[in-house]
Amino acid sequence: MWDYSFAIPSLLIISILLVFYFSLPRLSIHMNRVFFFALVVEGVDITLNVVSSWVATDFQMYPMAVVHLLNVGYFVCFYLLIFVLFVLLASLLLVFPLKHKVLEALLHVPYMVCIVLACSTPWTKVIYYFDEAGFHQGVWYNSLYYLTYFYCALSFVLLFCYGKHLERMRYWYSLFVFECILTAGIIVRRELPSLLLYDTFCVMAILIVYLAFQNPEFHLERRTSIFNTTAFREYLEEKKGKTAHHIIGLVIYNYHNMRDVYGGKQMDMGVDMIAAYLLHEYKDCNIFYLRKGRFILVTPWHKDVDDMIRELDVRFNYPWYNSEMRLYLTANFVRMDVKHSKESTDLLFNLLITAMERSDTRMGVEPLVISEKDMEEQRKVVDLKRWLETAVNQNAVEVFFQPLVDAQSGQVVGAEALARIRDDAGNLISPSDFIPIAEENGKIMILGEQVFRKTCRFLQDTQLLERGLSWVNVNLSPLQFMQTELPQKFLEITEQYGIDPNRIHLEITEENLVDDQFLHTQMDKMRGYGFRFILDDYGTGYSNITRLKRCPFLNIKLDMSVVWDYCNHPDEILPNMISAFRHMNFSVTAEGIEDAHMAGMMRDVGCDYLQGFFYTKPMTMEAFQEKYYESNSTD
């Protein structure tokens, strides 16, 4: 009556998965527990499907109590499996468990009703019944199909609503195929009920989840059985706002230098020994290795963290050794107490990483304790990253102009284009806050291009270059300057808006001067297109006059710290330096001019142009046009 040829291999595959899954450490988080439960339920479901079908074929040979027990058990397990597979998908989408507990309870109702129906079937015959002819479907037998359709449809809705939050697109495709297989399986079961084939489809779907998400090795370091960075992030996400615990960061002091001293192979062996020690001594802790000699121990709230740190510190007073080598290492420690914190995973993770990097510069001092002040500063960093991301992605980076004034006439002759972004309330954010972040995460390339493009478009729209403005300076970050396609890209933008590249002066800092060969290649190519270069923030780096002599700069901008130092403590160094610049045909701009006295001093020592709050703070391009373009045209 029933064909078991597909069910037995499916049961073997599930058994192999269970054995392998148990053979490796597993992170205790919700989605892992759900996956493990799905494996168990699927295995039991296949077993009951085969046994109950076999018994039902010759049901007269067995007590009816046994026949009903096996069949009811199968239907209960089937209904439970459908719900568990739905919860598995929702957990992988980070939707389940739900914050709204009433809604979560309602999602349990359909399969619970079906389970009640299945348990009552020996008396009510609503799911199945037996007579002299054998097994028959009851009036509610199709409930198993309707229940599957319901949870499959709900799964597709969740996938299309929340799938965009998945880290990689392949995860979305994996879950989409997972759900398509389950849907196809229930359709095949309905069309071919004599083939015990649905469980084979379930096993295929589970295999997809295993390969894409649930292989325990995804959470483990390759050499050790200790959890990795991915596991730590998922653990933080799981425990957020739910569990109070202490986090201890253990940092091998001067790890990279120690790697050079002892060699990579021996240091790897040392890390393995430290990991084995931590796993053996602190079995009640979750232990993670974040690479570069950084370990994390997550301890229960009741543990005495100070004692643990003292124990670890004492252990590092002795060498780590085996028959092949002996390592003398020092450890620094970071401590963070997380008591039902609902801070974002990124915030906590970045805070710990930053603290461990700071700790690595200290030796023989007390553990670095992460305070509420540190937490608040990290919140600001997270907000800055979000505001920067929004501004760049929505092309909402604003361009402000600050005038450049002729030192002799006091007339505005040029302007510097400066990037600005805003927070959620519309307040301007200081570039000193968001530019370093943009350089760190690579957004500076897109941000810089947006500033350049908007500057060119504004110059085209207002015709400022034809009506009194001599040039506009645009900043290039070191990362942006390193793009080989930059010259062609900037040329195309100027051509698009009809701007003469000679009127665009590109400011680069001394950081760009590290690679002489690339510097000259890039500058020569862009100068060939007509662009001119300004050396910005001179005096904060390591360039010397001999080096500058080989660079085709049009202008040298003195950093405001150099200007302020001279105005407060005049000497002969700066005047002689400016004289040398002028002798090499460099014009000179002084930044940071805040009053008439400073302006006079910088004019007297030979500066050609002045810039600073004495004239005006940076303003929107429209305000600049209204204030200076109109006044210049009137003059």
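Every residue, every condition in (1) modelled with pLDDT under 95; (2) exposed (fewer than 14 other Cβ atoms within 10 Å of the Cβ); (3) closer than 23 Å to Ala65 by Cα, yes or no:
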{"residue": "Ala90", "(1), (2), (3)": "yes, no, no"}
{"residue": "Leu107", "(1), (2), (3)": "yes, no, no"}
{"residue": "Ile115", "(1), (2), (3)": "no, no, yes"}
{"residue": "Tyr128", "(1), (2), (3)": "yes, no, yes"}
{"residue": "Gln137", "(1), (2), (3)": "yes, yes, yes"}
{"residue": "Tyr171", "(1), (2), (3)": "yes, no, no"}
If Phe227 passes every condition in (1) open to solvent by less than 10 Å² (accessible area, probe 1.4 Å); (2) closer than 30 Å to Ile274 by Cα; (3) hydrophobic (A, V, I, L, M, F, W, C) but one, which one does it miss? (1)
Taking only pairs six or more apart or across chains, which ones have beta-carbon atoms under 7 Å, a first residue in region 1-26 that is closer than 30 Å to Tyr235 by Cα and open to solvent by less than 50 Å² (accessible area, probe 1.4 Å), and a second residue that is in a helix (DSSP H, G or I) and aromatic (Phe, Trp, Tyr)? Leu17/Tyr210; Tyr21/Phe36
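Conditions (1) touching a Ser or Thr at 6+ places or on another chain (Cβ under 8 Å); (2) not in a helix (DSSP H, G or I), marked per residue:
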{"position": "Met258", "(1), (2)": "no, no"}
{"position": "Val271", "(1), (2)": "yes, no"}
{"position": "Ala276", "(1), (2)": "yes, no"}
{"position": "Ile287", "(1), (2)": "no, yes"}
Failed criterion for Phe201 (all others in (1) of a type outside the set (Lys, Arg); (2) crowded, with 16+ Cβ neighbours inside 10 Å; (3) closer than 26 Å to Val67 by Cβ; (4) touching a Lys or Arg at 6+ places or on another chain (Cβ under 9 Å) hold): (3)
Which residues, taken from region 424-464, are closer than 23 Å to Glu377 by Cβ, part of a helix (DSSP H, G or I) and open to solvent by 60 Å² or more (accessible area, probe 1.4 Å)? Ser432, Asp433, Pro436, Glu439, Glu440, Asn441
Selection from region 587-626 of residues that are of a type in the set (A, V, I, L, M), surrounded by fewer than 22 Cβ atoms within 10 Å (Cβ to Cβ) and in a helix (DSSP H, G or I): Ala596, Met598, Ala599, Met601, Ala623
Within region 144-181, which residues are assigned to a helix (DSSP H, G or I), farther than 22 Å from Thr200 by Cβ and in contact (Cβ under 8 Å) with a residue 60 or more places away in the chain? Leu154, Leu158, Leu159, Tyr162, Gly163, His165, Tyr171
Pairs where the first residue, in region 306-321, is within 17 Å of Val271 (Cα to Cα) and free of Cβ contacts under 8 Å to residues at least 24 places away in the same chain and the second is outside any loop (DSSP other than H, G, I, E, B) and among the basic types (Lys, Arg), C-beta under 6 Å, 6+ apart: Pro319/Arg326
Qualifying residues in region 465-518 (those that are open to solvent by less than 30 Å² (accessible area, probe 1.4 Å) and touching a residue at least 60 places away in the same chain (Cβ under 8 Å)) - the one nearest to Gly539 (Cα to Cα): Glu507
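The values are calculated or read from the model by the stated rules, or taken from the named source; none is laboratory data. The model shown is predicted, which means the values in this text are computed figures rather than measured ones. No Cβ is skipped: glycine too gets one built from the backbone with ideal geometry, and neighbour counts run over all protein chains shown. Accessible surface is based on the protein model in full, side chains and every heavy atom, while ligands, DNA and RNA are left aside. Shrake-Rupley method; radii C 1.70, N 1.55, O 1.52, S 1.80 Å.
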